[in-house]
Amino acid sequence: MLKFRLSRKQIPYLILVVFGILLFAMGILNHYFFRTFTFDYGNYNYAFWDYSHFRLSRMPTYPANFLQDHFSFTLMYFVPVYWILNWITGTYTLILIQNVLILTAAWFTYKLILLKSDNAWMSVGVLIYYFTLLGRYTTFSCDANIAVMSACFIPIFIYYFEIQKYLAALFILILSLLSRENIPL
């Protein structure tokens, strides 16, 4: 009989893998089976394509520029990801970017709680709580959401600030402040 032992250090990685699989499966399958409201996602993909071709995007569903609707540079940050992955991932690129950002923010939240409390079990609890928040799952009704992507910068900023890596913290803060019009509030 094969015995499987899980050490305390492996638990956060297991949680990240389980919820990562869940996030990617939900996002990709919802998009594949047309189970989402694509009004916003269509606009995001249209703008992402235009930004990657060095153009400002006019929204196809609204008579304005994409920056006039939601002032956000977030999609511009990820243009290199578009160039690298879009030939493989197509319209799924933004879903993949959002899910990687959620996983990254979860990891930094775990590290921040571990740093501040030195309690591994509390950090694991916060990691599970981070993934089970209702807000994580409501994003799948619209495939990808710039507000969710922008909010993922906050735990990264706080962690770098707490470990006194101020240059990295400043860089993430600037990315965060320019990522959406309501994040500075």
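The values are calculated or read from the model by the stated rules, or taken from the named source; none is laboratory data. Everything numeric in this text was worked out from a predicted model, so none of it was measured. When we count neighbours, we look across all protein chains shown, and the Cβ atoms used for this are built from the backbone with ideal geometry, even at glycine. All accessible areas refer to the heavy atoms of the entire protein, side chains included, with ligands and DNA or RNA removed. Shrake-Rupley method; radii C 1.70, N 1.55, O 1.52, S 1.80 Å.
Residues in the stretch 10-23: is at least one loosely packed, with under 11 Cβ neighbours inside 10 Å, within 28 Å of TRP83 (Cβ to Cβ) and either touching a helix residue (DSSP H, G or I) at 6+ places or on another chain (Cβ under 8 Å) or free of Cβ contacts under 8 Å to residues at least 40 places away in the same chain (or both)?
Checked against the condition, which is being loosely packed, with under 11 Cβ neighbours inside 10 Å, within 28 Å of TRP83 (Cβ to Cβ) and either touching a helix residue (DSSP H, G or I) at 6+ places or on another chain (Cβ under 8 Å) or free of Cβ contacts under 8 Å to residues at least 40 places away in the same chain (or both), the stretch 10-23 yields at least one hit.
What is the one condition in (1) surrounded by 11 or more Cβ atoms within 10 Å (Cβ to Cβ); (2) modelled with pLDDT of 90 or more; (3) under 23 Å from ILE172 (Cβ atoms) that PRO80 does not satisfy?
It fails just one condition, (1).
Scan LEU56, LEU112, LEU133 and give me the residue that is at negative phi and modelled with pLDDT of 90 or more.
LEU112
Could you list all residues from the stretch 50-60 that are closer than 14 Å to ASP40 by Cα, open to solvent by 70 Å² or more (accessible area, probe 1.4 Å) and assigned to a loop (DSSP other than H, G, I, E, B)?
Hit for the stretch 50-60 is PRO60, nothing else.
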